[in-house]
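Engineer: Here it is: the structure, laid out below.
The values are calculated or read from the model by the stated rules, or taken from the named source; none is laboratory data. Note that this is a predicted model, so its numbers are computed, not measured. Reconstructed Cβ throughout: ideal geometry from the backbone, glycine too, with neighbour counts over all protein chains shown. The area values use the complete protein model at the heavy-atom level, side chains included, leaving out ligands, DNA and RNA. Shrake-Rupley method; radii C 1.70, N 1.55, O 1.52, S 1.80 Å.
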Amino acid sequence: MGLNYFKSRKRFDFSPHPFDVGNILGLKRGYGNNHFLLKIYGLDKTEFENYYTYHLNYFLSNGQGAEKEFLAHVWYIVQKRIEYFERKDPFSSEHPRHLSNIGKLTEFQQYLGTRDKWNIRPNDVLLKEKDGKIAELQARIQDLEEQLKAHSKYGVAQKVYVEDGYLPTLIDLIQQLREVGLPNGRSLLKSDHHSPYYKLVAKYFNHGGKEIPLDTARNYFVGKDEAPIKGSQVPDGRKLFRIVPADQA
């Protein structure tokens, strides 16, 4: 007895599940593959997964095998139907419909490829897919290398040394610069975020010869109405300089 891969429509069922295969008279023996493929032509690609899993769950629930067997069968009938349409007369009046069916089946086949954990597809298909993935990864690597090269222009061999115990003094100067106004009334510096400032400190300065943790620098920079994290306020004893306009110095 052959395996029953697809859930069929019941005879004279006027409210079937949209994925059931067959017609008002049910499913004629031996025509399950045809009706399964026929449904695909009217599906949007976003429905492929639901359609596939609907019939997969039916197959599994009957204890007829595992997904590997189901996928192998579906791949086979889809491939054979594509080959069938490709052999049709290209000058036939049905040619546009055949091309449309080939396109839809090919899209469904691409979805099936995402389910193939067992490499059940033909070797030429697997090799083509792997070659495409390798080319994609190589392009990605090249892009990342170019990004790394661009970023490396702004790297430094040696960071600016801040005297031990005077990191708050540097922070205070940067915070003052954020508030400096120009004669035209505009701000000298403007940023909607704090990150450029604390990342500047962590990336280009060290404190007493030691790296400045990003979180440490971040804690000093808060909004106007926010209280600094305890221990991150600049002590008055480290506010050693005052930035003022030249005409007020």
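Engineer: Using a 1.4 Å probe over the heavy atoms of the protein chains, calculate the carbon and sulfur portion of the accessible area of segment 139-249 as a whole percent.
Structural biologist: Looking at segment 139-249 in its full context, I get 53 percent from C and S.
Engineer: How large is the accessible surface of TYR58 in square angstrom, using a 1.4 angstrom probe and rounding to the nearest 10?
Structural biologist: Rounded to the nearest 10, the figure is 50 Å².
Engineer: If you place +1 on the Cβ of every Lys and Arg and -1 on the Cβ of every Asp and Glu, how big does the dipole about the Cα centre of segment 134-203 come out, in debye to the nearest 20?
Structural biologist: Numbers: 9 positive and 9 negative charges, 36 e Å.
Computed charge dipole of segment 134-203: roughly 180 debye.
Engineer: What length, rounded to one decimal in nm, is gained on full extension from LEU148 through to TYR31, with 0.36 nm per residue of separation minus their alpha-carbon distance? It would help to have the intermediate numbers written out before the result.
Structural biologist: Values: separation 117, 0.36 × 117 = 42.12 nm, distance 5.76 nm.
Answer, rounded to one decimal: 36.4 nm.
Engineer: Also: Give the peptides 152-165, 170-183 in descending order of average Cβ contacts within 10 Å, highest first.
Structural biologist: On the way: 152-165: 9.6, 170-183: 14.5.
The most tightly packed comes first, giving 170-183, 152-165.
Engineer: Using R₀ = 22 Å, calculate the FRET efficiency as 1/(1 + (r/R₀)^6) where r is the Cβ-Cβ separation of VAL222 and LEU188; round to 0.05.
Structural biologist: On the way: r = 20 Å, r/R0 = 0.92.
With a Förster radius of 22 Å, E is 0.65.
Engineer: Per residue, how many Å² of accessible area does segment 35-140 show with a 1.4 Å probe? Don't skip to the end; give the middle numbers.
Structural biologist: Working: 6480 Å² over 106 residues.
Averaged over the residues of segment 35-140, the accessible area is 61 Å².
Engineer: Quick one: pull the percent of accessible area on segment 3-56 belonging to carbon and sulfur, 1.4 Å probe, ligands and nucleic acids left out. Please report the intermediate quantities before stating the final value.
Structural biologist: Details: 1690 of 3290 Å².
Exposed carbon and sulfur together represent 51 percent of the surface.
Engineer: Still on this model: Say R0 is 25 Å: what FRET efficiency, to the nearest 0.05, do ASP13 and ASP44 get from their beta-carbon distance?
Structural biologist: On the way: r = 24 Å, r/R0 = 0.96.
Rounded to the nearest 0.05, the efficiency is 0.55.
Engineer: Explain nothing, just the number: relative contact order of the chain, from Cα pairs under 8 Å at least 6 residues apart, as a whole percent. Display every interim value, and only then the final one.
Structural biologist: Numbers: 211 pairs, mean separation 30.5, N = 249.
This gives 12 percent for the chain.
Engineer: Below 10 angstrom from the Cβ of ALA202, what's the summed charge of the other residues (Lys, Arg +1; Asp, Glu -1)?
Structural biologist: Working: positive: LYS159, LYS199, LYS203, ARG218; negative: GLU211, ASP215.
That works out to +2.
Engineer: Something else about it: For PHE241, what is the net charge nearby, where nearby means another residue's Cβ is under 15 Å from its Cβ and Lys, Arg count +1, Asp, Glu -1? The partial results should precede the final answer.
Structural biologist: On the way: positive: ARG178, ARG238, LYS239, ARG242; negative: GLU163, ASP172, GLU179, ASP236.
Spelling it out: positives minus negatives among the neighbours equals 0.
Engineer: On a 1.4 Å probe surface of the protein chains, which of GLU69, GLU226 comes out largest in accessible area, and what is the full order? Spell out each step's value before the answer.
Structural biologist: Numbers: GLU69 85, GLU226 115 Å².
If we order GLU69, GLU226 from most to least accessible, we get GLU226, GLU69.
Engineer: What distance in nm separates the two pseudo spin-label positions at ILE141 and ASN119, each 7 Å out from Cα along the beta-carbon direction?
Structural biologist: Rounded to a tenth, the inter-label distance reads 2.0 nm.
Engineer: Using the scaling law 2.2 N^0.38 Å as the reference, what is the normalised Cα Rg of segment 63-157?
Structural biologist: Working: Rg = 20.9 Å, N = 95, 2.2 N^0.38 = 12.4 Å.
Dividing the Cα Rg of segment 63-157 by 2.2 N^0.38 Å gives 1.68.
Engineer: Still on this structure: Just to confirm, what accessible area per residue do you get for segment 160-249 at 1.4 Å probe, in whole Å²?
Structural biologist: On a per-residue basis, segment 160-249 sits at 71 Å².
Engineer: In whole Hz and in residue order, list the ³J(HN,Hα) couplings for segment 136-152 that follow from phi through the Karplus curve 6.51 cos²θ - 1.76 cosθ + 1.60, θ = phi - 60°; x for Gly and Pro.
Structural biologist: Along segment 136-152, the couplings run 5, 5, 5, 5, 5, 4, 4, 4, 5, 5, 5, 5, 4, 5, 5, 5, 5 Hz.
Engineer: Using a basic spin-label model with each label point 7 Å from the Cα along Cα→Cβ, how many nm lie between TYR161 and ASN206?
Structural biologist: The modelled label-to-label distance comes out at 0.9 nm.
Engineer: Average projected area of the Cα convex hull of segment 138-245, in nm²? Numbers along the way, then the final one.
Structural biologist: On the way: hull surface 38.8 nm².
The orientation-averaged projected area of the Cα hull of segment 138-245 comes to 9.7 nm².
Engineer: Hey, if you drop one equal point scatterer on each alpha-carbon of the chain and run the Debye formula without solvent, what base-10 log of I(q)/I(0) do you get at q = 0.09, 0.15, 0.17 Å⁻¹?
Structural biologist: -0.66, -1.11, -1.33
Engineer: Expressed as a rounded percentage, what relative contact order does segment 44-163 have, with Cα pairs under 8 Å and six or more residues apart? Walk me through the intermediate numbers first.
Structural biologist: Numbers: 40 pairs, mean separation 29.0, N = 120.
This gives 24 percent for segment 44-163.
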